[in-house]
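In what follows, a single structure is set out as structure tokens and then discussed.
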Amino acid sequence: MSYNLDLFNQVLFKSDMDTIQEYNSVIKHCQDLFIKKTKDYGTAWRIMRLSSITDQIYIKAQRIRTLEVKKVSKVGEGVIDEYIGIINYCIMAMIQIDLGEDGEENLDSSFVNQKYTEKVTETRDLMLAKNHDYGEAWRDMRVSSMTDLILMKIHRVKQIEDNDGQTIVSEGIHANYQDMLNYAVFALIKLGLAQQ
């Protein structure tokens, strides 16, 4: 049996292009909201320690899980808003790692936008590398599984934080924030945000 590798590579390339376009569409929505909030509130989040940001991500992921189980929201915001929040808190965390918790609290919105784009680019590149190796397996996953994976990553980050950021053989905090961000983007793609 022979395989047409050119056709296979064309299908893979088209799939990658679809994923990149959908990913970028979701991120544009999240980044626009993030920058608008930065203009409204400044960078008040700079006062937060990484552990506090991790807890905010946990609250959002746990609320998503509760809504997935109960199927009813009493506060009005749904899972899409919470996934957007997870993405933006992951970006905050990665910026905090870069700048340090004790650095300048008031950052210019253009600088924040630049850092946001930088963190997204690094994280999207990681996603593309993993997507190549895993063959877009995320497309066949349930959104609820992505929620559970985000919660698992949060527990890993909390454990690493409790160990003063030290790991023996595992990836560090930054990589876990990247994975959470990517799972949240995948969930939003599956929930249709990329088409809006």
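The values are calculated or read from the model by the stated rules, or taken from the named source; none is laboratory data. It should be emphasised that the depicted structure is a prediction, and the values quoted were computed from it without experimental measurement. Note that we place each Cβ from the backbone using ideal geometry, even for glycine, and neighbour counts take in every protein chain shown.
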Worksheet item: So how many residues does segment 108-124 have that are of a type in the set (Asp, Glu) and modelled with pLDDT of 95 or more?
Response: 2
Worksheet, complete the sentence: Only one of Gln114, Gln96 is buried (at least 18 other Cβ atoms within 10 Å of the Cβ), of a type outside the set (Ser, Thr, Tyr) and part of a helix (DSSP H, G or I), namely Gln96
Worksheet item: Quick check, is Asn176 within 17 Å of the chain's Cα centre (by Cα), modelled with pLDDT of 95 or more, under 14 Å from Thr19 (Cβ atoms) and crowded, with 20+ Cβ neighbours inside 10 Å?
Response: no
Practice prompt. Take Arg142 and decide whether it is closer than 25 Å to Lys36 by Cβ and basic (Lys, Arg).
Written response: no
Worksheet item: Just a yes or no: is a residue in segment 148-165 within 19 Å of Val26 (Cβ to Cβ) and among the polar types (S, T, N, Q)?
Response: no
Response to the item:
By residue number, the members of segment 79-98 that are closer than 19 Å to Gly42 by Cα and without any contact (Cβ under 8 Å) to a residue 40 or more places away in the chain are Gly85, Tyr89, Ile95, Asp98
Fill in: Residue selected from segment 20-37 under the condition modelled with pLDDT of 95 or more and among the β-branched types (Val, Ile, Thr), by the criterion surrounded by the fewest Cβ atoms within 10 Å (Cβ to Cβ)
Ile35
Item to complete: Within segment 50-78, work out how many residues are touching a residue at least 12 places away in the same chain (Cβ under 8 Å) and assigned to a loop (DSSP other than H, G, I, E, B).
Response: 0
Worksheet item: Within segment 125-142, can you find the residues that are within 14 Å of Asp179 (Cβ to Cβ), modelled with pLDDT of 90 or more and either among the hydroxyl-bearing types (Ser, Thr, Tyr) or not in a helix (DSSP H, G or I) (or both)?
Response: Met141
Worksheet item: What are the residues in segment 147-173 that are without any contact (Cβ under 8 Å) to a residue 60 or more places away in the chain, more than 20 Å from Val69 (Cβ to Cβ) and either in contact with a Phe, Trp or Tyr (Cβ under 9 Å, 6 or more places away or on another chain) or buried (at least 16 other Cβ atoms within 10 Å of the Cβ) (or both), if any?
Response: Arg156, Ile160
